[in-house]
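Just so it is clear, none of the values below were taken in a lab; they were calculated from the coordinates. None of the values given here were measured: they were computed from a predicted structure. Here the Cβ is made from the backbone with ideal geometry for all residues, glycine too, and neighbour counts use every protein chain on show.
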Amino acid sequence: MPATGGRGGASIPTRMRAVTFHGPGDIRYGTVPVRRPGPGEVLVRVEVALTCSTDVKTFRRGHPVMIQAIPTVFGHEFAGVVAAVGKGVEQFTVGQRVAAANSAPCLTCGYCRSGKENLCDRLLFLNGAFAEYVRVPAALAAVNLLPLPDDLPAREAAFLEPLACVLHGVDRAGVRADDTVAILGTGPIGLLLLQAARLRGARCIAVGRGALRLSRAYACGAEAVVDLEATPDPVAAVRERTPGGLGPDIVIEAVGRPEAWEQGVATVRKGGTVAFFGGCAAGTQVRVDTQRLHYEELTLLGVFHHTPGHVREALNLLAGRRLNIESLLSHEMSLKDLEAALTAMERRDALKVVIVP
Ligand SMILES: [Zn+2]
Ligand SMILES: [Zn+2]
């Protein structure tokens, strides 16, 4: 028993297998100590973790917000089983299945109090899903760690965080029934946005590249797919596929490159909305046609992260089995193959990869 007054932990090893991040391009598979949960903390045995494009970016260039010190354990999408709880944890018991978002808002700053917890000044991030155990900080255990229904598979439950981001995105973009929505990007997030927009009754056009991804876009409910490799003028190709050729009501950008942001603005119809979901590299800029922005009343929106409300909505959708989750997964690998998984995602040879520790 840990000296914290918590429960469980009798069978927890002192060391575990994990992948650690040492700097851009340098991740290592090895063993690290298992840290026992302190007051309010929950130690979760990871059943599955998922790779995320953010992990690919972190692997290549570090992360300004999520990685504060190196070396560190990393990975942030997972589902598992409570292995031990720290002192004062009443809402979780050892053996309970759970999934968590990757952050917790403070709930006290001005943004949190106005319902914009995604913009919290003191967002606390979680790292360490690419390991046998992950220790969930007290603030996160209190707000964004949720018990799972028995029949929800871990590989689906691990979508809690990306789905919460996506639900925030379609809310922010104002997607409604019968809207025509173009989704730029057919990576896992683009495909998840597509499904979320479809659930709201929108007609969706997917824009991307890569045979695997484009075929999955149809499986996720796209009415039309534009292949960037085969289309000299993607703006015209999207517009042709909208009613009257006017352009989509809403464009959601899920690529994270300035060219795609600009393409989104060029594609949307008069009076339409462009939501920028994909974060671009620091220091990049885009050019906007001021005439279109003003005289055509475009609405351009940034979209970042999620709120506790969207995390709960995500769990409800996952529990209702309303999404085609398997179409967002391409491989299953072990922890030691994480680097290969991230590299395959980078080459667009993989969608999300299920990592089983
Ligand atoms: Zn993620
Ligand atoms: Zn806050």
What would the Debye formula give as log10 I(q)/I(0) at q = 0.08, 0.10, 0.15 Å⁻¹ for the alpha-carbon point model of the chain, no solvent?
-0.39, -0.61, -1.29
Cut-off under 5 Å, modelled amide H: who pairs with GLN96 long-range
VAL82
To the nearest 0.05, what FRET efficiency results for ALA177 and ASN324 with a Förster distance of 30 Å applied to their C-beta separation?
0.95
Straight-line reach check, LYS336, cutoff 28 Å on alpha carbons, 8 or more apart in-chain or any other chain, hits among lysines -> LYS57, LYS352
Would you mind calculating the relative contact order of the chain from Cα pairs under 8 angstrom and at least 6 residues apart, reporting the percent as a whole number?
17 percent
For region 166-302, what relative contact order do you get, as a whole percent, if you take Cα pairs closer than 8 Å and at least 6 residues apart?
22 percent
Which of the lysines could a cross-linker span from LYS270 if the Cα-Cα distance has to be under 29 Å and same-chain partners fewer than 8 positions apart are dropped?
LYS116
Region 326-357: trypsin sites (Lys or Arg not before Pro) falling in loop per DSSP and having at most 15 other Cβ within 10 Å:
ARG347, ARG348
Under 17 Å between alpha carbons, and skipping anything fewer than 8 positions from LYS87 in its own chain: which aspartates and glutamates qualify?
GLU41
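Given a cut-off of under 8 Å on Cα pairs at least six residues apart, what relative contact order in percent is computed for region 64-204?
23 percent
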When the dipole is taken about the Cα centre of region 55-113, and only Lys, Arg (+1) and Asp, Glu (-1) are charged at their Cβ, what size is it in debye, to the nearest 20?
180 debye
